[in-house]
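The values are calculated or read from the model by the stated rules, or taken from the named source; none is laboratory data. Treat the numbers as computed from the prediction; the structure is a model and nothing was measured. Cβ sites come from the backbone with ideal geometry, for glycine too, and all protein chains shown count toward neighbours. What goes into the accessible areas is simple: the full protein's heavy atoms, side chains included, and nothing from ligands, DNA or RNA. Shrake-Rupley method; radii C 1.70, N 1.55, O 1.52, S 1.80 Å.
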Number of protein chains: 2
Amino acid sequence: MDIFYSELLQDSHIALSSDESKHCMKVLRHKTGDTIHVIDGKGNLYLCRITKISQKHTIAEILETHEDYGSHQFTVRMAVAPTKNMQRYEFFVEKAVELGVNEIIPILTDHSERKVVKTERIERIVLAAMKQSYKAHKPIVHEMTPFEDIVFEKYPGYKAIAHCEDGDKQSVMHIAKPTDITILIGPEGDFSLKEIQLAMENNWLPISLGPQRFRTETAAIMALHSVHSLFE
Amino acid sequence: MDIFYSELLQDSHIALSSDESKHCMKVLRHKTGDTIHVIDGKGNLYLCRITKISQKHTIAEILETHEDYGSHQFTVRMAVAPTKNMQRYEFFVEKAVELGVNEIIPILTDHSERKVVKTERIERIVLAAMKQSYKAHKPIVHEMTPFEDIVFEKYPGYKAIAHCEDGDKQSVMHIAKPTDITILIGPEGDFSLKEIQLAMENNWLPISLGPQRFRTETAAIMALHSVHSLFE
């Protein structure tokens, strides 16, 4: 069944945006009476019947509501330095949504080559990935945030930094099942020694993703996959 | 240090192809006397000094040889149906090389929308990923192979099929450490029931990659990551 995104809910009806209406009518050729799925980003998946459709405005009546659809048992935040090649970061975003993530925080670090990101573009990729993988919860996408702001943030639970410098590290596969976890992933040139030091002074635990060095987006996807694997 | 690929080895010297020579001289601006790394695809990483350089032909003297560089302790074959959007398959190929893979087999299945792949293009991605992630062993890239040919193949070790139909499945995270493993990943529309049946009759074990349905390329990357995680 085709799936759409909308936060415009009133009584037992949902309105689609003009973009979604156009896609619904022109591309997917839906008509009044057709059933569709709608996600609201707050955890609800609705089965709906189209009651009115035009290229600008579509109204659908809710037939069934599935609450807390496709959620996972823990909160995971990925604070990842955007890559020079933005396509690689977008791939991380898509895969993170597909695997399941609660917050995506682009971080600005000492060795970051990319200092600006367009969060609207990331939001669009998030929405597309949500629809594709039937995720009713919309992850929060933060604006680019300086490393120092993140490192002093009082996140609950397990806070981890995946850096490539030598030193004692816990394997991401052997951490206790966290109910809340935040993972820092550095840019192409890794975190600076100053950043690693600062993170450790503020109770971020160094973790290892295995014997290999990965690209930024690979490290981020693999770390997230490992966290999900802990719960399976 | 910059890294190049060449199989052209004679006595204690290596020649670079014209493409690699041009890249070495024009883009990376190397000169006679510079040291570079060269991988040969057979497991050797060489530290070399350039003795002659032109845009068409470069010769480098081997100073050090590191045998069996960056290899892993097991053999893993990924037999994956190419995705409709080729970029997604190419992303799988890049990540597979980065994680470590021995063979990549594009498979033609009942529900495959993509029936043709350009293996030269896949080879190019393999080479780029090898250089980027310092892998001295070149994975074998097969031509598109019909599902039936793969399913009857007498691969040693553990043979697994990751399908999305209901039924008893072993979690990929709980298989015994295999020294040889082959994993089948289906196309967008999954394997057909006939294919799943045929695989099971031929001792392919159904495995689960977790509670979620993944895109083809995501499933392939996550399955491979899980196999690597078993050894960490």
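Hey, any idea what % of chain B's accessible area is carbon plus sulfur with a 1.4 Å probe?
Numbers: 5330 of 10830 Å².
The C+S portion of the solvent-accessible surface of chain B is 49 percent.
Binned at 10 Å from 0, what are the whole-percent values of the Cα-Cα distance distribution for the protein assembly as shown, short to long?
Final binned percentages: 4, 18, 26, 26, 18, 6, 2, 0, 0.
Sorted by accessible area (1.4 Å probe), largest first, how do B:E201, A:E188 line up? Each step should come with its number before you reach the end.
On the way: B:E201 115, A:E188 95 Å².
Per-residue accessible area, sorted high to low, gives B:E201, A:E188.
Strictly over 27 Å apart at the Cα level, which of A:K131/B:K95; A:K169/B:K159; A:K56/A:K84 would you flag in this model? Don't jump to the answer; show the numbers that get you there.
Values: A:K131/B:K95 24 Å; A:K169/B:K159 33 Å; A:K56/A:K84 37 Å.
Pairs exceeding 27 Å: A:K169/B:K159; A:K56/A:K84.
Return the equivalent ellipsoid semi-axes of the range A:90-232 as a descending list in whole Å, where each equals the square root of 5 times an eigenvalue of the C-alpha gyration tensor. Each step should come with its number before you reach the end.
Numbers: eigenvalues 106, 68, 39 Å².
Equivalent ellipsoid of the range A:90-232: 23, 18, 14 Å, largest first.
Name the residues of the range A:196-218 whose accessible area, probed at 1.4 Å, falls by at least 30 Å² once all protein chains are in place instead of their chain on its own?
A:Q212, A:F214, A:R215, A:T218
Check cross-link reach from A:K26 to the aspartates and glutamates: straight Cα distance under 15 Å, and skip same-chain residues fewer than eight apart.
Candidates past the 8-residue exclusion: A:D2, A:D34.
Do the sum for chain A: with -39,500 (n - 2.57) for every DSSP H run of n ≥ 4, divided by all residues, what is the mean residue ellipticity at 222 nm, to the nearest 500 deg cm²/dmol?
Working: 6 runs with 62 residues, N = 232.
When only DSSP H runs of four or more count, the value is -8000 deg cm²/dmol.
Just to confirm the numbers: B:E188, label point 7 angstrom along the Cα-Cβ line, distances to the other copies in nm, shortest first?
So the label point of B:E188 gives 3.2 nm to the other copies.
Which percent, nearest 5, of DSSP beta bridges in the range A:3-66 are antiparallel? Before the final figure, lay out the partial values.
On the way: 20 of 23 bridges.
Here the share of antiparallel DSSP bridges comes out near 85 percent.
Put the label 7 Å from Cα along Cα→Cβ for B:R213; what are its distances to the other copies, in nanometres, shortest first?
Copy-to-copy label distances for B:R213: 4.0 nm.
Along Cα-to-Cβ, 7 Å out, sits the label point; list in nm, shortest first, how far the one on A:E123 is from those in the other copies.
Sorted ascending, the copy-to-copy spacings read 4.6 nm.
Out of B:M173, B:M25, B:M78, any idea which swings most in a Gaussian network model of chain B, alpha carbons joined below 10 Å?
The residue that fluctuates most here is B:M25.
What span do the alpha-carbon atoms of the range B:3-66 cover on each of the three principal axes, reported in whole Å from largest to smallest?
27, 20, 18
I'd like the distance between the alpha-carbon centres of the range B:157-232 and the range B:1-38, rounded to an integer number of Å.
Measuring centre to centre over Cα atoms gives 40 Å.
Pick from A:I140, A:I207, A:I39: which is most flexible by mean-square fluctuation in a GNM of chain A where alpha carbon atoms under 10 Å apart are linked?
A:I140
Sorted by accessible area (1.4 Å probe), largest first, how do A:H30, A:H23, A:H174 line up?
Values: A:H30 25, A:H23 75, A:H174 120 Å².
The most accessible residue leads, giving A:H174, A:H23, A:H30.
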